[in-house]
Each structure stands twice: as C-alpha cells, then as structure tokens.
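Shown next, in structure tokens, is the structure this report addresses.
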Amino acid sequence: MKMTFRWYGENNDSVTLEQIKQIPGVEGLVWALHDLPAGEVWPVEKIMEVKRQADEYGFHLDVVESVNVHEDIKLGLPSRDQYIENYKQTIANLAEVNVKVICYNFMPVFDWTRTDMYKEMGDGSTALFYEKSKVDSMDPQELIRQTTSNSAFTMPGWEPERLAGIEKSFELYKGMTEDNLWDNLQYFLEQILPVCEQHDIKMAIHPDDPPWSVFGLPRIITSEKNVERLLSLSDSPAHNITLCSGSLGANPANDVPKIIRRFHDRIPFAHIRNVKIYENGDFIETSHRSQDGSVDIADVVKAYNENDFTGYARPDHGRHIWNEECRPGYGLYDRALGIMHLWGLWDAYEKVKSEGRK
C-alpha cells in the first residue's frame, strides 16, 4: 500500500507540504489543477510547476484527482468530441510527470452532496453531514448557497463556473435515464482508454457520493452490481475504479470489504473513510475507527492486505478537530490521525501474515 495525501495546491490549501512531510509513510500527493475549468487542456508548464513544488519535499505525483469530465460528455452532446480530444491531450501531458492513475467521476451536475459542512458531533468536533429529508425537499440553488458560502477555499465539484449554468444543466438532463448515462460513459471510455494504455495510465472512476439519485439526476456507480457492470464495459488494463469506502458505504446494502475482495485487481486507488448511517437515511463522516461508524474499516484494510494491495491509498474526508480552520473535510489533523490508524491496521495484518497466522 502506497500512502498519499490530497493537496489542493499552493495558496489554495490550509495544509502545507512541510506538514504533510511529517506524517509517517506519506510518499505522494494526490493533486489537480483546480483553477482550470472542466474541459480545458492542462498545460505542461502548469503541471511542471506542481512537480517542482512536490520535488522540493520528495513527493511523487502518481495520482491525479480529478481531471473533471465536461458536462457535455456526460450529456452526450455533439460538442463532447472536442472535450474528449482535450482530455486526451491532458492525459498525454500528465504522462510527462509520470502520472500513473487518474481519478475521475461521472456524476451529473453535482459532485459529492452534503447539507452541512460543519455538523457538530458529541465530542465537539465537526464533520460533513447529509440530511436526507432536507435534500429530498430542498431546491438545488439553496444547496449550492449553503455549500459554497462558508468556505474560503474552492470546493471540488462545486466550482463557481461549473454551477453558474445549473438551471440549464438540469434542463438538459430532463428525460435522461441511467442507461443513457451508461452509454455516454462507454463512449467516453472507448475514446480515451487507448490513449491511457499508450501512456501506461489507469483511469479509476470514483463511486457516486452518495450512491443514489440526488434531485432526480441519474447516478450509476452506486453498488456492487453496478461496479460489475462498469468493469464489464472494457477489459482494458486502463479501466479501473477508485474504491471509496465512504461513498459506497453510505448505503448499508453495500458490503464494502466484499466489493474490495471481489474487484481488488481493478482497484489502483483507494479512498478509506468511515460514515455513520442513521435509520432515517442521514449519515455523518466519522473517525476511521470501525466502532465510530457503520463501515468496518478494520475489515476494509484487511481485504486490501490479504490481497497484497500495492496501489495507492489516502485517508478521505476527515473531521474538523482542535479548532482547525480548513476546507470542509480536508484538514490536517484528523486525516493524519486516520493515516496512523490505517498504518496500525496494516502493520498488524502484516505481522500476522509473517507469523503464519490467520
């Protein structure tokens, strides 16, 4: 397991590379050019500037998250071909710094969805929270205002230029079915996977977060059955999944360790986090400990370990603790604690294996 840490870039992150360097076992940054709108080619010179910053602290840039997919590609509009050509060029440019994995998603309009960025928990910490009844009754514009109004940092998937045309986007998605979205994803993959193979880069789609329809929009990467369908679209070695235990784990019907054991050879990148699910469908993000949430993180790590996982992993969203002021879900302290918990589990399973015990 290769441990990484998501970093939003110089002057766009409360966490510094100097701080990340002090977390044991972190060897790479999960990064992106967050100032570029979806659909634009990532210039080599901007990529090289991030490499210069990473090199100063000895970090690799093997994993990019995300090269966002333009909405026209998801919609299957005639204009998608130009945006796909731009995506191909970005893949080639990322190969210049030896990128190995591109994490992306295919969620219409919205990326991840939450109703409270700083929901207070019993211990005084705060965390990202999803209130099902509020989403079911809320106007999308109100959710946008709540999500973007309380942060000094750009929110991935909630960039202003992406949301400016929200009403038009909803209009365009009217009548779109899940099968339509599957078809548009397959078209996209058929175009880009040969380019990825040429540059030895793996595409790894992120599950939908949460794994069900939001505001009536179709969502397709939501369950074990749909992961199976996804991976059956192509047997290319470049076609894979980013396995996010928190996204899939928000639905109690998803057995995350089972999904890992079944598809481990198609998981080059793992997001590991926990969520506590309530009976009414709400959920909140918790510490990484199994007993603090609804996902058995100990078994998640065991599933990776018993299959000799050599891919990349990162602690996903963390709580906000010790009065840290940070981008929601992406502070230093709780993610660092999460890494040490994951390493503790991994080291224990390694010791058990070395001693020949089960």
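Quick note: the coordinates plus some simple rules give every number you see, no bench work behind them. If you're wondering where the values come from, they're calculated on a predicted model, not measured in any experiment. Positions of Cβ are backbone-derived with ideal geometry, glycine not excepted, and every protein chain shown enters the neighbour counts.
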Mind checking which helices in the chain clear 20 Å along their axis (Cα) and have mean Kyte-Doolittle hydropathy of -1.0 or more, DSSP H runs only?
178-198, 333-354
Residue 132 neighbourhood, Cβ < 11 Å, K/R = +1, D/E = -1, net charge -3
Taking 110, 170 and counting other C-beta atoms within 10 Å, the order from fewest to most
170, 110
Count neighbours as other Cβ atoms within 10 Å of each site's Cβ, and list the GluC sites (Glu not before Pro) in segment 1-68 that are DSSP loop with at most 12 such neighbours.
10, 56
Could you work out the relative contact order of segment 2-354? I mean the mean sequence separation of Cα pairs under 8 Å and 6+ apart, divided by the number of residues, in percent.
17 percent
Suppose every K and R has +1 on its Cβ and every D and E has -1 on its Cβ; what is the size of the dipole of segment 2-354 about the Cα centre, in Debye to the nearest 20?
600 debye
Karplus couplings for segment 109-119 from phi (6.51 cos²θ - 1.76 cosθ + 1.60, θ = phi - 60°), rounded to Hz, Gly and Pro as x?
6, 9, 8, 5, 10, 9, 9, 9, 7, 9, 6
Could you pull out the pairs from 225/302; 134/276; 2/351; 134/258 whose alpha carbons sit more than 28 Å apart here?
134/258
